[in-house]
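The values are calculated or read from the model by the stated rules, or taken from the named source; none is laboratory data. Because the structure is predicted, anything quoted here is derived from the model rather than measured. Cβ placement follows ideal geometry from the backbone for every residue including glycine, while neighbour counts extend to all protein chains displayed.
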Amino acid sequence: MRVVLASTFVPFVDGGAGFIVDWLEQMLVRHGHEVETLRIPFDSHYPELLDQMLALRLLDVSGHGERLIAIRTPSYLLRHPAKVLWFIHHHRGAYDMWGTPYQDIPDTPPGRRIREAIVSADNLAFSEARAVFANSGVVRDRLRRFNGVDAEVLYPPLIDPGRYRAAAYGDYALYVSRLAAHKRQHLAIEAMRHTRTAVRLIVAGAPENEDYLRRLETLVEKLGVRDRVEIRAGWMPEREKMELFSNCLAAIYAPFDEDSYGYPSLEAHHSGKAVITTSDAGGTLELVRDGDNGFVTDPSPRSIAAALDRLYRDRALARRMGEAGVQRMEELGISWDRVLARLLA
């Protein structure tokens, strides 16, 4: 099949939204399909949103390919008679984050008009789609709540999970993710003040901005945990990341109301490691079951610390939870065969 794959991106910012496009492209080609990928630069700063959305709407790719698969908002405004959405999130400031500290559109008459226009444009695009898939149950529920759309959950896999392995259950917990306030690496660092064992913490990822990186570095100094907390700020080579996962005690992934389980959670499980997350982490809770393949704690440093200490004291438990993670991924049907079958049906 000839497939047009479309998504927006923020230049020079890497993350899961980019991986899902790159990996889907690779898998489509690997399975014999012809793919043309449109990577469209997009600035989500609200004053420029509507002009950019209009520009996308004016792009007509209806005469190209037998299928359009659109991913990141608002790439689905492109026109095509066989349009399918693998929807990973709304412009959340106009939806579930409206009225929260994370709201990025002002609650003013102009701001409300921008919000209404975003919702109206999204509803139009959804009505044109042959099928809408969501990357998690959390996103499926948002689509139903805000747009009246019934989407099928289609979990994104890693590109090559066989490269990950379990080598040892060492003395450090690992938090790999973009360094950003809503990823809440600060919770993991704060937890180290309350641990009662010699467990260490490695926080690794590219900073979203220098302010949050400075906040984390200042926190390490303020809490007096410099001897047990290491921050590796920057984009990590795959081999280095795999080595860290293969030898860690467990992984931490505790974002606020995440859209999906997050690739670091899958990387941990494919490395045979448990995942510590929090009760308000969003899509991560679809993967992690408390006491089975990890711990779901209160979003407090003391609760995270208690989970770390328990795994540090009981390496056999850490191993059993990590092994249960592989079974959990199988239960959820996380595979490229399923992804391609549904997107191309």
- Task: Could you check Leu249 against (1) within 13 Å of Met321 (Cα to Cα); (2) in contact with a Pro (Cβ under 9 Å, 6 or more places away or on another chain); (3) in contact (Cβ under 8 Å) with a residue 60 or more places away in the chain and say which number it fails?
- Result: (2)
- Task: Evaluate the following for Ser127: is it of a type in the set (S, T, N, Q), within 29 Å of Leu340 (Cα to Cα) and assigned to a loop (DSSP other than H, G, I, E, B)?
- Result: no
- From the set of residues in the range 292-306 that are within 14 Å of Gly322 (Cβ to Cβ) and not polar (S, T, N, Q), which is surrounded by the most Cβ atoms within 10 Å (Cβ to Cβ)? Gly294
- Taking Arg57 as the residue in question, decide whether it is in contact with a helix residue (DSSP H, G or I) (Cβ under 8 Å, 6 or more places away or on another chain) and surrounded by fewer than 18 Cβ atoms within 10 Å (Cβ to Cβ). yes
- Residue within the range 91-111 that is in contact (Cβ under 8 Å) with a residue 60 or more places away in the chain, of a type in the set (Phe, Trp, Tyr), at negative phi and surrounded by fewer than 17 Cβ atoms within 10 Å (Cβ to Cβ) present: yes
- Taking the range 176-206 as the search range and keeping residues that are touching a Pro at 6+ places or on another chain (Cβ under 9 Å) and of a type in the set (Val, Ile, Thr), which one is farthest from Arg310 (Cα to Cα)? Val176
- Inside the range 318-345, can you point out the residues that are basic (Lys, Arg) and more than 20 Å from Ser265 (Cα to Cα)? Arg342
- Which helices (runs of 4 or more DSSP H) sit wholly inside the range 246-332 and have at least 1 residues that are under 24 Å from Trp235 (Cβ atoms) and at pLDDT 95 or above? 263-270
- Checked pairs for the range 218-244, first more than 18 Å from His270 (Cα to Cα), second assigned to a helix (DSSP H, G or I) and among the β-branched types (Val, Ile, Thr), C-beta under 8 Å and 6 or more apart or across chains, list as Leu219/Ile189; Val220/Ile189; Leu223/Ile189; Val225/Ile189; Arg226/Val220; Val229/Ile189; Val229/Val220; Ile231/Val220
- Selected residue (only one of Glu66, Glu48 is surrounded by fewer than 21 Cβ atoms within 10 Å (Cβ to Cβ) and under 14 Å from Thr8 (Cβ atoms)): Glu48
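State all residues of the range 310-335 that are in contact with a Ser or Thr (Cβ under 8 Å, 6 or more places away or on another chain) and crowded, with 18+ Cβ neighbours inside 10 Å; if no residue qualifies, say none.
Correct list: Tyr312, Gly322.
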- Query: What do you reckon, is Ala191 buried (at least 18 other Cβ atoms within 10 Å of the Cβ), in the same structural domain as Ser265 (by TED's automatic domain parsing), touching a residue at least 24 places away in the same chain (Cβ under 8 Å) and of a type in the set (A, V, I, L, M)?
  - Reply: yes
- Message: Just to check your reading of the model, which residue among Tyr175, Tyr155 is buried (at least 22 other Cβ atoms within 10 Å of the Cβ) and within 17 Å of Ile276 (Cα to Cα)?
- Response: Tyr175
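Quick one: in the range 216-245, which of the residues that are assigned to a loop (DSSP other than H, G, I, E, B) and under 21 Å from the mean Cα position of the chain (by Cα) is surrounded by the fewest Cβ atoms within 10 Å (Cβ to Cβ)?
Pro237
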